[in-house]
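Q: This is the structure I have questions about; it appears just below.
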Amino acid sequence: IIETLTSNPAKILNIDKGNLSLGNDADFCIIDLNKPWVIRKDKLISKSKNTCVENKKIQGKVLNTFIKGEELYKL
């Protein structure tokens, strides 16, 4: 799953992303795989609020997001 969401798209796009090698941008998320939550479109942090999974309970919640080493999101 990790390769599918990180290094493989970077390879397809031919960009130097998708891993935490020395010298690369530190782009990553910290996820609590044990935290359940319910998707609500008014709580989505996105330019688009469209979702076909509104009110669906899922397992795993993003706690922090870092882009180029800077924390941009914290739960």
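Q: Report the gain in length on full extension from Cys29 to Lys43: 0.36 nm times residue separation, minus Cα-Cα distance, nm rounded to one decimal. It would help to have the intermediate numbers written out before the result.
A: On the way: separation 14, 0.36 × 14 = 5.04 nm, distance 1.80 nm.
Stretched out fully, the Cys29 to Lys43 stretch lengthens by 3.2 nm.
Q: State, to one decimal in nm, how far the label point of Lys56 lies from the label point of Glu3, with both points 7 Å from Cα in the Cβ direction.
A: Each label point lies 7 Å from its Cα, and together they span 2.6 nm.
Q: In vacuum, with every alpha carbon of the chain counted as one equal point scatterer, what does the Debye formula give for log10 I(q)/I(0) at q = 0.18 Å⁻¹? Two decimals, please.
A: Each listed q corresponds, in turn, to -0.93.
Q: Using a 1.4 Å probe on the protein heavy atoms, what percent of the accessible area of the chain belongs to carbon and sulfur? Don't skip to the answer; put the middle values down first.
A: Working: 3610 of 6370 Å².
Roughly 57 percent of what the probe reaches on the chain is carbon or sulfur.
Q: Further, regarding this structure: What figure in square angstrom, to the nearest 10, would you give for the accessible area of Lys68 with a 1.4 Å probe?
A: In the full protein context, Lys68 sits at about 140 Å².
Q: Moving on to the next point. Leaving out ligands and nucleic acids, and using a 1.4 Å probe, what accessible area per residue does the chain come to in Å²?
A: 85 Å²
Q: Further question: Using the Cα centre as the reference, give the magnitude of the dipole from point charges on the C-beta atoms of the chain (Lys, Arg: +1; Asp, Glu: -1; all else neutral), rounded to the nearest 20 debye. Present the calculation step by step, with values, prior to reporting the outcome.
A: Details: 13 positive and 9 negative charges, 102 e Å.
Roughly 480 debye for the chain.
Q: Within the chain, how many lysine pairs that are 8 or more places apart, or on different chains, have C-alpha atoms less than 12 Å apart? Numbers along the way, then the final one.
A: Working: Lys17/Lys68; Lys35/Lys57; Lys35/Lys61; Lys41/Lys49; Lys41/Lys56; Lys61/Lys74.
Taking the chain as the scope, the lysine pair count is 6.
The values are calculated or read from the model by the stated rules, or taken from the named source; none is laboratory data. All values derive from a computational prediction rather than experimental measurement. No Cβ is skipped: glycine too gets one built from the backbone with ideal geometry, and neighbour counts run over all protein chains shown. Surface accessibility is based on the protein's heavy atoms, side chains included, excluding ligands, DNA and RNA. Shrake-Rupley method; radii C 1.70, N 1.55, O 1.52, S 1.80 Å.
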